[in-house]
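Written below as structure tokens is the structure these notes are about.
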Amino acid sequence: MNSAAVFAFTCPVKTNSGNKALENLPVELAGLNAVNPLVVANARAVGSKAVRTLMGAFGDSGMTLGLFEGVTEATDLGVVDHLKNICLEKKYDAFIALGGGKAADVAKVLNLAVSLKTPDARRLLPEAPVRKRLLPLVVVPAAGADGLETSQLACLSRMVFSSEWLAPALAVLDPRLARAKNGIQMAATGLAALGRAVESHISADQNPFRKAYSFAAIRFVRENLLSAVADPGNRKAALAVLNSAAMSGCAFSNAASGRLHKLGQVFYDLLGIPQGVIMGMGLPLVLEDALREGRYDLAALFQPLAGDDAFAQTPAEKRPEAALVLLNRFLEDLRSVLGKELPKSLREAGVPGYRKEEILDVLGQDEDGPYLRGVVERMADGERERKG
Amino acid sequence: MSIIKDVQSGKKPLKRAYVAIFLWFTGRAIQAAAKVDREVKKEFEKLPENFTFSLGCLPDGPWMVVGREKGVVKYLGGDSRGRPVQVRLAIKSLDAGFLILSFQESTTLATARNRLITDGEIPYALAIIRILDIVEVYLLPKLIASLAVKRYPSWWTPARKFGGRIGVYTRTLLGI
């Protein structure tokens, strides 16, 4: 690694992970000068048991919490504006996002609107710079998390808000919430984490702090995802996958927005397909292209994927190809556990042709548009399937 | 009707009662052990005169306060108000306190898992941990004490262990 490289790294997220981690919340909030938090949750996605577990963690704290459990995939800036008015009236001084995906996005944008006392949240613009520290935000990722909870991004109403201040002050990872409903939900979390961590890890710009996060995230996925998918009740493996998602979000926040992330985000926004499913589908294609382009440090992937001994035994020039082989084998193993639940192509994922055109149009507006459209075309029928 | 519900945090009376009784008993046992065990006595002698420490759960207890007055170690109850406390060992939550005091986690493991906050001088806090370990060895059978302490003192003579145990229990129950 070039020690003279110029880099910057920010990660304001404190992580509390492990058995009964949720019970630390009252003390952690007190440390953030917060006594009146609002819980933002998608109760349908995380389940009422998760909401009860979170509320139970505040037992004996003497606190009164606000609870908004009505986040849905359709929640937009209009709902955020309504919530903001109530928050200002009731003087909530912290936000707790329970669950992954939309709940975290809504909590981040709501925090932005409340902290800045925005007159009309519907007029919030991603371009407007955030120059002020926001109220404390705590994220409690649960099964179905995508890793973006710990990032500095919030995606709402097809807008992407990005600011260092949007990142949560605290992430709480508790094994009671890590258990997924089924194997595919766990796989989606792990693949989203893997996709973002891989893109951050092979980025051309040198950043040793980011690599520490992405390295750990890749290794956690590699060592735990298969067990967690085969047995979603395996709390240790599920917690490790949740940890990898949290780490991938921190790494991703300090890297340029990757191609895989863009693909996953578009399919999630337009069709509600979990990002991890799409990212897992596109990962081999994007990495094969990256290998051909030679712009990325694919050799760096080999150590977290293969382990230290295999890394030491493999000549440097063979590591990029070996990393790809390992990654493909890992994805195949995952498919063998999940069977048809993990689609290999957009057709298997149930994406209709007319929606594909819509997706291609949206992708076309991106700077990587032509490339991403090509990848989507190859994913449509499963290029790898055709190759046999 | 507002879309935001206000939810009052619940209570955990059973856990609170368990932790309170445990701390009360341990506080009295420390007072007893300071008279019975030479090692505990020596640890207290190294601490300053009028030294007081508390151990309990955040945010609002229960607590155990133990102090040294005119060379005598005393259990001072569960309320430290109006008394300067030199070292405060605070467990971050009642649940964490229950985990530690029901021996599901040893003190060292709980510290490693970020469940304890030490407010005061670290050397004094370490002395308190050593004292607590000795007291737990006296109070608990080997099987449970091994879970609670970092290393069970297998080198103790039977006379020290069983004699001391009788002394500590008698004094704890009588409060002398």
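The values are calculated or read from the model by the stated rules, or taken from the named source; none is laboratory data. Here the structure is a predicted model, which is why all the values come from computation and not from measurement. When we count neighbours, we look across all protein chains shown, and the Cβ atoms used for this are built from the backbone with ideal geometry, even at glycine.
Some notes on this structure:
- A:Gly100 vs. criteria closer than 30 Å to B:Ile91 by Cα, surrounded by fewer than 21 Cβ atoms within 10 Å (Cβ to Cβ) and not polar (S, T, N, Q): no
- Pick from the range A:247-271, criterion outside any helix (DSSP H, G or I) and of a type outside the set (A, V, I, L, M), ranking: surrounded by the fewest Cβ atoms within 10 Å (Cβ to Cβ): A:Ser257
- Strands (runs of 3 or more DSSP E) enclosed by the range A:1-120 - at least 2 residues per element that are within 12 Å of another protein chain (Cβ to nearest Cβ) and of a type outside the set (A, V, I, L, M, F, W, C): A:14-17, A:64-68
- Residue in the range B:97-111 that is small (Gly, Ala, Ser), under 15 Å from B:Ser54 (Cα atoms) and in contact with a strand residue (DSSP E or B) (Cβ under 8 Å, 6 or more places away or on another chain) present: yes
- Of all residues in the range A:276-298, at least one satisfies being surrounded by fewer than 15 Cβ atoms within 10 Å (Cβ to Cβ), among the acidic types (Asp, Glu) and without any contact (Cβ under 8 Å) to a residue 40 or more places away in the chain.
- Filter result (under 20 Å from B:Ile144 (Cβ atoms), surrounded by 16 or more Cβ atoms within 10 Å (Cβ to Cβ), away from chain A (no Cβ under 13 Å) and in contact (Cβ under 8 Å) with a residue 60 or more places away in the chain) within the range B:76-131: B:Leu101, B:Ile131
- A:Ser157 of a type in the set (Ser, Thr, Tyr) and either touching a Ser or Thr at 6+ places or on another chain (Cβ under 9 Å) or in contact (Cβ under 8 Å) with a residue 60 or more places away in the chain (or both): yes
- Tallying residues that are outside any loop (DSSP other than H, G, I, E, B) and basic (Lys, Arg) within the range B:76-93 yields 1.
- Within the range B:21-75, if we keep just the residues that are in a loop (DSSP other than H, G, I, E, B) and within 14 Å of chain A (Cβ to nearest Cβ), the residue that is surrounded by the fewest Cβ atoms within 10 Å (Cβ to Cβ) turns out to be B:Asp60.
- The number of residues in the range A:210-240 being under 25 Å from A:Ala8 (Cα atoms) and touching a Ser or Thr at 6+ places or on another chain (Cβ under 9 Å) comes to 9.
- The requirement of being crowded, with 21+ Cβ neighbours inside 10 Å, modelled with pLDDT of 90 or more and closer than 13 Å to A:Leu283 by Cβ is fulfilled somewhere in the range A:205-224, by at least one residue.
- Residue match in the range B:2-19 (condition: more than 14 Å from chain A (Cβ to nearest Cβ) and surrounded by 12 or more Cβ atoms within 10 Å (Cβ to Cβ)): no
- Only residues that are in contact with a Ser or Thr (Cβ under 9 Å, 6 or more places away or on another chain) and among the basic types (Lys, Arg) were counted across the range A:109-130, and they come to 1.
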